[in-house]
Amino acid sequence: MKKKQIIIFSSIAIALLIVIITLVCYFNIPRISYNYDSETDSYYVSRVFGNAKSYEIAEKINDKYVTKIGSKAFMNKDKLEKVILSPYLTEIERMAFSECHNLKEIDLSCVEIIGRNSFEGCSSLESIELNASTILGGAFLRCTSMKNVSLANTDSIGSYAFAFTAIKEIILPASMTLVGVDAFYGCTELIKIVCKSNQLKNSSYLNSLEIVVFDY
């Protein structure tokens, strides 16, 4: 009887171990759900499953381009380190990557619109190059390791967009027409803002900062 019990318990333990291993592997597999947007005739990332270190966004689904990452799609993916975007992806919606604390690598050069609080709390991001025309409020709020930001063709930066980052110097391009209030709030290491846009000469926020140099 005891021998049979040992065999039964051993079988149950092995089965449970297999289930646990299967679940761990399953949750580490990057899985992405895409939805169709009839207004733009394109697809977007609606939700991400699993908790993998790396995800790659498809260029096309059903012969339609993937052009957007939806709201909160990657939010709180604490193991996420790298995302490879499609070159046709032009928009990242609000809170899409919020609180992805280990995100280190993402190429945003093709993105035109960066949504509100989209990268808030991504505390491992150190450097980004942006060609986005619009960077909405709180986009990179509390990206506490971010030291280098390159802006090109940017039209507007929202309030608190780069607040509480480690930026030391930033150049605002000639294309820029708006910098929101407290865009650089809490940036204790920021020593210089070079403004190349004469459209910002009357910006009350920029004029309130002693570290701003106007260089049209």
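The values are calculated or read from the model by the stated rules, or taken from the named source; none is laboratory data. Here the structure is a predicted model, which is why all the values come from computation and not from measurement. Here Cβ is always computed from backbone atoms with ideal geometry, including for glycine, and neighbour counts include all displayed protein chains.
Structure above, values below:
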{"item": "Checking Cys110 against (1) modelled with pLDDT under 95; (2) over 24 Å from Lys72 (Cα atoms), the condition it does not meet", "result": "(2)"}
{"item": "Some residue of the range 131-153 being surrounded by fewer than 16 Cβ atoms within 10 Å (Cβ to Cβ) and hydrophobic (A, V, I, L, M, F, W, C)", "result": "yes"}
{"item": "Unique residue being in contact with a helix residue (DSSP H, G or I) (Cβ under 9 Å, 6 or more places away or on another chain) and not polar (S, T, N, Q) when the list is Leu136, Leu80, Leu108, Leu178", "result": "Leu178"}
{"item": "Options Thr188, Thr144; residue that is closer than 21 Å to Arg116 by Cβ, among the hydroxyl-bearing types (Ser, Thr, Tyr) and not in a strand (DSSP E or B)", "result": "Thr144"}
{"item": "Segments classed as strands (runs of 3 or more DSSP E), wholly inside the range 48-93, with at least 2 members that are of a type in the set (Lys, Arg)", "result": "64-69"}
{"item": "Condition check for Leu125: modelled with pLDDT of 95 or more, over 30 Å from Ala52 (Cα atoms) and touching a Cys at 6+ places or on another chain (Cβ under 8 Å)", "result": "no"}
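This table checks each residue for (1) within 19 Å of Ser124 (Cβ to Cβ); (2) touching a Phe, Trp or Tyr at 6+ places or on another chain (Cβ under 8 Å); (3) modelled with pLDDT of 95 or more.
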| position | (1), (2), (3) |
| --- | --- |
| Ala13 | no, no, no |
| Thr22 | no, no, no |
| Tyr34 | no, yes, yes |
| Glu39 | no, no, no |
| Ser42 | no, yes, yes |
| Arg47 | no, no, no |
| Val66 | no, yes, yes |
| Lys82 | yes, yes, yes |
| Pro87 | no, no, no |
